[in-house]
Amino acid sequence: MKNFILIFTLFLGCSTQPELINNIDNTSVGLIKINNYYSAIDTETKTMYFPLDSTNLSEFIGAVEYSEEYYTNIYINDIKDENGDNFNFGTISVNDIIELKLIINLQEVNYSLVFTTLSIVIIYAEQAIINEPKTQCRILIDDIISNKMYDSHAGIEIRGGGSSQNSPKQSYDLELWENVNGLGMRKEKLFNLRNDDDWHLDAMHFDPSKSRNLVGMKIWGEFVRAEHLIEEEALLTQRGVLVEVFLNNNYLGIYSFNEQIDRKQLGLKKSGGILYKSEDWTEETTLQGISIEPDNSLSWGGYELKYPKDLNVLHWEPLYEFIHFVAYSNDTLFNDSINSFIDIENVIDYFIFINLVQGNDNTGKNMYICRYDENHPLFFIPWDLDRTFGWYDKTILTNRLFMRLYDLYSISFKLKVKDRWSELNQNNLQQNIMNYFEGNINKIILSNAGNRDNERWGLSTNYYHELEELNSWVEESILFFDNFINTN
């Protein structure tokens, strides 16, 4: 046991060259590099995984590196490999299995080497990962999108609440650190996304397509309007990429490596920007009324104050006044003044979007409500779109705001919704949505990651069937909403 602790401590304390890991099944296997990418390890199946940027490569030459202090020899398909030399793997594909014979302390250990076309995220945490605070870990990322390998200290914690916390496959928040103690953040531009230290690993455990949130956010990013989008860096959506994740030499399956939705992502002003996140069904989150008064807290009425993060009851004032106005103002005042509280163009886009994807949770529980700066109206951003695109029966989704706008805010609101829907629906909307689904799901199929994730979590997802079901559902949803718009 003492040797295990010593080896693990050495590993975590080094940030440039991986040390050896004592596997949980007592089969000692060190990390091996091929062309500067780390090969991930799953000790349960005795398999190593290496990322490729193509499903087939002819005459693949890989420079294989390993620790000579640990390995006596390595044989690849019974051919001895000299450390650091180029090895000719020949013609390979993601369906191939390469036999590895590892000589460790005069003992032979047999592993298989397989290939994936998804990027790989490898995490080592010496202590248990909990909800809060973050656990110190080390993260290695084979980023085949930007053709880079990252090696960093990090903090990791379980993300989500309710059913997510109880899921066997957990989502995580990651924070890249400059050192083992977390005394400084480390920003990296991962997967050609934003340059940042704060990231989200989405398990997508309840989504059989492993694509709903990614596609939904992609569509929302193309829909959304807000008056402050003149800000060059503002993104009113969340981007991400599919990866395969390994924790302490155990395969965890397919994840989405995502940007965070925060002040930076949304381009909110540091001085006057505000960001609220709804996390529960309450009178306040459904905009029906005020059941409790806010105080000097980061939580109120089912909302969390994400920015700014200081305890000041005044930060709740814009949201409080908006909810109070929607819930209690008379019809005349509502018609005359709603524009001063909320960005109407953004509301129109949000109403259309949540009905298109049937985001039942996004009428109240799963929303961001944001303010760009002082003296600017609020606007909406959806989040957590895993339970969309056919999760619930089709219905027209609404809340107190949408109901009052449709019933009271003159005929012009209905006409604006109809005009905006016509604009969005005229350019092959169904095909555009399905192109995004096909792009994501085909990556899962071609990499064989879908089969691995199924086996790891006892699932039987047929991704071809998922594509067919989604295509039929999207077509029906567009017709359903189109009929509502044209008859109302």
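The values are calculated or read from the model by the stated rules, or taken from the named source; none is laboratory data. Just so it is clear, the structure is predicted and the values come from calculations on it, not from any experiment. Cβ sites come from the backbone with ideal geometry, for glycine too, and all protein chains shown count toward neighbours. For the accessible areas, the whole protein counts, side chains as well, though only heavy atoms, and no ligand, DNA or RNA atoms are used. Shrake-Rupley method; radii C 1.70, N 1.55, O 1.52, S 1.80 Å.
If the condition is being crowded, with 18+ Cβ neighbours inside 10 Å and not small (Gly, Ala, Ser), then the stretch 209-222 contributes Lys210, Arg212, Asn213, Leu214, Val215, Met217, Lys218, Ile219, Trp220. Taking the stretch 71-114 as the range and being open to solvent by less than 30 Å² (accessible area, probe 1.4 Å), of a type in the set (Ser, Thr, Tyr) and within 18 Å of Asp53 (Cβ to Cβ) as the test, only Ser93 passes.
Restricting the search to the stretch 314-367, which residues are among the β-branched types (Val, Ile, Thr) and in contact with a Ser or Thr (Cβ under 8 Å, 6 or more places away or on another chain)? Please lay out each step first, then the result.
Restricting attention to the stretch 314-367, the residues satisfying the condition of being among the β-branched types (Val, Ile, Thr) are 323, 326, 332, 338, 342, 344, 347-348, 352, 354, 357, 363.
Ile354, Val357, Thr363 - these are the residues of the stretch 314-367 that are among the β-branched types (Val, Ile, Thr) and in contact with a Ser or Thr (Cβ under 8 Å, 6 or more places away or on another chain).
Ile381 versus (1) outside any helix (DSSP H, G or I); (2) over 17 Å from Ser278 (Cα atoms); (3) at pLDDT 95 or above: which is the lone unmet condition? With respect to (1) outside any helix (DSSP H, G or I); (2) over 17 Å from Ser278 (Cα atoms); (3) at pLDDT 95 or above, Ile381 is out only on (2). Can you tell me which residues in the stretch 138-164 are more than 22 Å from Arg239 (Cα to Cα) and touching a Phe, Trp or Tyr at 6+ places or on another chain (Cβ under 6 Å)? Arg138, His153 - these are the residues of the stretch 138-164 that are more than 22 Å from Arg239 (Cα to Cα) and touching a Phe, Trp or Tyr at 6+ places or on another chain (Cβ under 6 Å).
Answer yes if at least one residue in the stretch 429-439 is within 22 Å of the chain's Cα centre (by Cα), of a type in the set (Gly, Ala, Ser), open to solvent by less than 80 Å² (accessible area, probe 1.4 Å) and closer than 28 Å to Phe351 by Cβ, and no otherwise.
Step one: list which residues in the stretch 429-439 are within 22 Å of the chain's Cα centre (by Cα), which gives 432-439.
Now restrict to residues that are of a type in the set (Gly, Ala, Ser): 439.
Now restrict to residues that are open to solvent by less than 80 Å² (accessible area, probe 1.4 Å): 439.
Now narrow it down to the ones that are closer than 28 Å to Phe351 by Cβ: 439.
Yes, there is a match, as at least one residue in the stretch 429-439 is within 22 Å of the chain's Cα centre (by Cα), of a type in the set (Gly, Ala, Ser), open to solvent by less than 80 Å² (accessible area, probe 1.4 Å) and closer than 28 Å to Phe351 by Cβ.
Put simply, of Thr332, Thr395, Thr388 the only residue that is surrounded by fewer than 21 Cβ atoms within 10 Å (Cβ to Cβ), polar (S, T, N, Q) and either farther than 30 Å from Ile433 by Cα or within 21 Å of the chain's Cα centre (by Cα) (or both) is Thr332. Looking at the stretch 128-163, which of its residues are open to solvent by less than 40 Å² (accessible area, probe 1.4 Å), in contact with a His (Cβ under 8 Å, 6 or more places away or on another chain) and of a type outside the set (A, V, I, L, M, F, W, C)? Residue satisfying the conditions is Arg138 alone.
For first residues located in the stretch 302-316 and among the aromatic types (Phe, Trp, Tyr), partners that are buried (at least 17 other Cβ atoms within 10 Å of the Cβ) and lie 6+ apart or on another chain with Cβ distances below 6 Å form the pairs Tyr303/Tyr276; Tyr303/Ser278; Tyr307/Arg263; Tyr307/Leu275; Trp316/Pro294; Trp316/Trp300. Taken together, the criteria place Val121 among residues that are under 31 Å from the mean Cα position of the chain (by Cα) and buried (at least 18 other Cβ atoms within 10 Å of the Cβ). Listed by first and then second residue, the pairs linking a residue in the stretch 274-299 that is without any contact (Cβ under 8 Å) to a residue 24 or more places away in the chain and more than 21 Å from Arg400 (Cβ to Cβ) to a residue that is open to solvent by 30 Å² or more (accessible area, probe 1.4 Å) and outside any loop (DSSP other than H, G, I, E, B), with Cβ atoms under 7 Å apart and 6 or more places separating them unless they lie on different chains, are Asp295/Val313; Asn296/Val313; Leu298/Glu304. It is to be established whether one or more residues within the stretch 300-310 are open to solvent by less than 50 Å² (accessible area, probe 1.4 Å) and within 30 Å of Tyr38 (Cβ to Cβ). No, the conditions are met nowhere in the stretch 300-310.
Can you name the residue in the stretch 208-263 that is under 13 Å from Pro382 (Cα atoms) and among the aromatic types (Phe, Trp, Tyr) and, of all such residues, is modelled with the lowest pLDDT? Only one residue tops the list, namely Phe223.
Is it the case, given these coordinates, that Tyr276 is outside any helix (DSSP H, G or I), open to solvent by less than 10 Å² (accessible area, probe 1.4 Å), closer than 30 Å to Asn454 by Cα and among the hydroxyl-bearing types (Ser, Thr, Tyr)? Taking the combined requirement at face value, the residue does not satisfy it.
Checked against the criterion of being surrounded by fewer than 16 Cβ atoms within 10 Å (Cβ to Cβ) and of a type in the set (Ser, Thr, Tyr), the stretch 446-468 contains one or more residues that satisfy it. Contact annotation: residue pairs with Cβ atoms under 8 Å, 6 or more positions apart or on different chains, pairing a residue in the stretch 98-127 that is among the acidic types (Asp, Glu) with a partner that is loosely packed, with under 14 Cβ neighbours inside 10 Å and in a strand (DSSP E or B), are Glu99/Asn110.
Looking across the stretch 253-271, just one residue is touching a strand residue (DSSP E or B) at 6+ places or on another chain (Cβ under 6 Å) and open to solvent by 20 Å² or more (accessible area, probe 1.4 Å), and that is Arg263. Picking from residues in the stretch 169-207 that are surrounded by fewer than 19 Cβ atoms within 10 Å (Cβ to Cβ) and within 14 Å of Ile254 (Cβ to Cβ), the one that is modelled with the lowest pLDDT is Phe206.
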